[in-house]
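**Student:** Dumping the structure here so I can ask a few things about it.
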Amino acid sequence: MANLIARIPGSSPSVIILAGHYDTKRMTVPFLGANDGASSAAFLLEMARVLARRSNRLTDWLVFFDGRRRCSAGRQPTASTEAVILPRTLGRGGERN
């Protein structure tokens, strides 16, 4: 397992962390996890594209967590952190039963 961190420098060393997980798990029964991991990874990739093109006050860390299903996604990098944004399951319709 490996967490990936992309750093986009800002004018301040203070950090805002945008994070999501990119993993899923193998199961012998159907598992609807593709949107769970893929939508947050897609969000982070788009944020990287947008944030890299502008000048930012805060330094941005885009963190792609691996191992969420093994309870390691809660570990956050150490930094002077202003905020942590952790989106989950973006673009999903109504709740499924």
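The values are calculated or read from the model by the stated rules, or taken from the named source; none is laboratory data. Computed from a prediction, not measured in an experiment: that's the story for all the values here. Cβ: placed from backbone, ideal geometry, glycine included. Neighbour counts: every protein chain shown.
**Student:** Any residue in segment 1-14 that's more than 15 Å from Leu51 (Cα to Cα): show its pairings with residues that are of a type in the set (Asp, Glu) and assigned to a strand (DSSP E or B) at Cβ separation under 9 Å, as long as the two are six or more apart or on different chains.
**Tutor:** So the pair list comes out as Ser14/Glu82.
Each row is one residue, and each column tells you yes or no for (1) at pLDDT below 65; (2) in contact with a helix residue (DSSP H, G or I) (Cβ under 8 Å, 6 or more places away or on another chain); (3) of a type in the set (Phe, Trp, Tyr); (4) assigned to a loop (DSSP other than H, G, I, E, B).
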residue: Ala6; (1), (2), (3), (4): no, yes, no, no
residue: Leu32; (1), (2), (3), (4): yes, no, no, yes
residue: Asp36; (1), (2), (3), (4): no, no, no, no
residue: Ser39; (1), (2), (3), (4): no, no, no, no
residue: Glu46; (1), (2), (3), (4): no, no, no, no
residue: Ala73; (1), (2), (3), (4): yes, no, no, yes
residue: Ala83; (1), (2), (3), (4): no, no, no, no
